[in-house]
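The values are calculated or read from the model by the stated rules, or taken from the named source; none is laboratory data. Here the structure is a predicted model, which means the values were calculated and not measured. Neighbour counts run over all protein chains shown; Cβ positions are idealised from the backbone, glycine included. Surface areas here come from the heavy atoms of the whole protein model, side chains and all, with no ligands, DNA or RNA. Shrake-Rupley method; radii C 1.70, N 1.55, O 1.52, S 1.80 Å.
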Amino acid sequence: MTKPRVIVTRRWPHEVEARLATEFSVTLNEADRPFGQKELREALLEADAVLPTVTDRLGADLFEGGVRAKILGNFGVGFNHIDIEAARLGGLVVTNTPAVLTDATADLAMTLLLMCARRAGEGEREVRTGGWAGWRPTHLCGTQVTGKTIGIIGMGRIGQAMARRCHFGFGMDVVFFDSYPVADPGMRARQLATVEDVLAAADFVSLHCPGGGENYNLINQQRLACMKPSAFLINTARGDVVDEEALVQALDEGVLAGAGLDVFKTEPAVPTTLTGRQDVVLLPHLGSATSETRVAMGMRVIDNLLAFFDGRRPPDAVN
Ligand code: DGY
């Protein structure tokens, strides 16, 4: 029996690529160069399955006129870079990789929170550039984390994992907003009625909602104005959830104290209005970047493909 033809748009961990090669007739991207729109279209025309990542924009135009591919196995949980409805109309199933990256992403959100609070980025830069003049009582004093209030926007798997770290690790109170009622997540966490309520109550706000759609610029000028001047904003969700210009202006005006950002609107370009600041911690979209997690993500994509080509509904189909 001929094996399904599969095209992978980026380099994946070698264990996963090795398994792909045994299960499918696979074309890997050994150069790891991001695909352009033309290459994506060609991949959709040539392969039975295309395996994209967040760096591939798959808009409706790519599915126009029909394609050969029947499944998009996205390497990642977020899929706002894919026009899901257009894919569905084009006859494609789209799958993602939920659950396997929950802990890694929550760990990174916690990293950003601690780095912001304790001015770790500033301190690290000072040591590396030879600017450290020695210990003194007033040097780089940050903000206490223990006992503060964490506000979670989007209380799904990752939001809850972040809340657990904050509550059980740092004795923090938890408030959260979610568009849906969330069955008691424990931790005496309180679901508040609006995003604004959470922003006003929290010392640290951590974003864990999907990007795109109604969440585009969710954290805008009006909502930033609800935050405490001493509070910090953490974003490991998607860059487009935050109006970056409004954030810079709010930081300039002392509306909030700082921000920790792992995701940006126009990745990998990060505005100089952010890179030039000391009061922000900036990371290059590292949320799920542990070796264990990236292997698990890849294996999850393969499990979805195997189910699909076996005639079953893939466990992580999103459309
Ligand atoms: C995810 O899984 O959504 C990561 O952000 C990479 O896309």
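Annotations
- Between the range 292-314 and the range 188-207, the Cα center-to-center distance that results, in Å: 35
- Available extension along the chain between D252 and K38 is 72.9 nm, counting 0.36 nm per residue and deducting the alpha carbon span.
- Accessible-area order (highest first, 1.4 angstrom probe) of the listed residues Y216, Y180: Y180, Y216
- With all protein chains modelled, accessible area of D48 [1.4 Å, Å²]: 40
- Candidates V182, V174, V77: whichever shows maximal mean-square fluctuation once the chain is modelled as a Gaussian network with Cα springs under 10 Å: V182
- Here the range 271-319 is treated as an ellipsoid with the same Cα gyration tensor; its semi-axes, largest first and in whole Å, are 38, 13, 7.
- The chain: most fluctuating residue of D178, D203, D61 per GNM, C-alpha cutoff 10 Å: D61
- Carbon and sulfur %, accessible surface of the chain computed with the full protein complex present, 1.4 Å: 53
- The range 91-127 and the range 1-79 have Cα centres spaced 26 Å apart.
- Mean-square fluctuations from a GNM of the chain, with a 10 angstrom spring cutoff on Cα atoms, peak among N235, N217, N74 at N217.
- Relative intensity of the range 102-282 on a log10 scale, I(q)/I(0) at q = 0.16, 0.19 Å⁻¹, equals -0.93, -1.30, per a Debye sum over C-alpha point scatterers of equal strength in the absence of solvent.
- Of the whole protein surface, E15 contributes about 80 Å² of accessible area at a 1.4 Å probe radius.
- Based on Cα atoms of the range 214-268, Rg over Rh with Rh as the Kirkwood radius reads 0.94.
- The range 1-46: mean projected area of Cα convex hull, nm²: 3.3
- Stokes-Einstein diffusion for the range 79-178 at 25 °C, viscosity 0.890 mPa s, with a Kirkwood radius from C-alpha pairs, works out to 148 µm²/s.
- Per-pair calculated FRET efficiency, R0 = 22 Å: Q144 and E122 via Cβ, rounded to 0.05: 0.85
- Couplings 3J(HN,Hα) of the range 203-213, computed from phi: 8, 9, 10, 10, 8, 9, 9, x, x, x, x Hz, in residue order, whole Hz [Karplus 6.51 cos²θ - 1.76 cosθ + 1.60, θ = phi - 60°; x for Gly and Pro].
- For the chain, accessible area per residue (1.4 Å probe, heavy atoms of protein chains only), Å²: 47
- J(HN,Hα) series, the range 251-261, from Karplus relation 6.51 cos²θ - 1.76 cosθ + 1.60, nearest Hz, glycine and proline x: 5, 4, 8, x, 5, 9, 8, x, 8, x, 10
- Ordered from highest to lowest accessible area with the whole protein assembly present and a 1.4 Å probe, M1, M162, M115 read as M1, M115, M162.
- Protein-only accessible surface order, largest first, of W135, W12 at 1.4 Å: W135, W12
- Qualifying trypsin sites (Lys or Arg not before Pro) in the range 117-201, where qualification requires a DSSP coil assignment and no more than 16 other C-beta atoms within 10 Å, comprise R118, R188.
- Each Lys and Arg Cβ is given +1 and each Asp and Glu Cβ -1; about its Cα centre, the range 227-319 then shows a dipole of about 340 debye.
- Under Stokes-Einstein, with the Kirkwood radius over Cα pairs as Rh, the value for the chain at 25 °C and 0.890 mPa s is 117 µm²/s.
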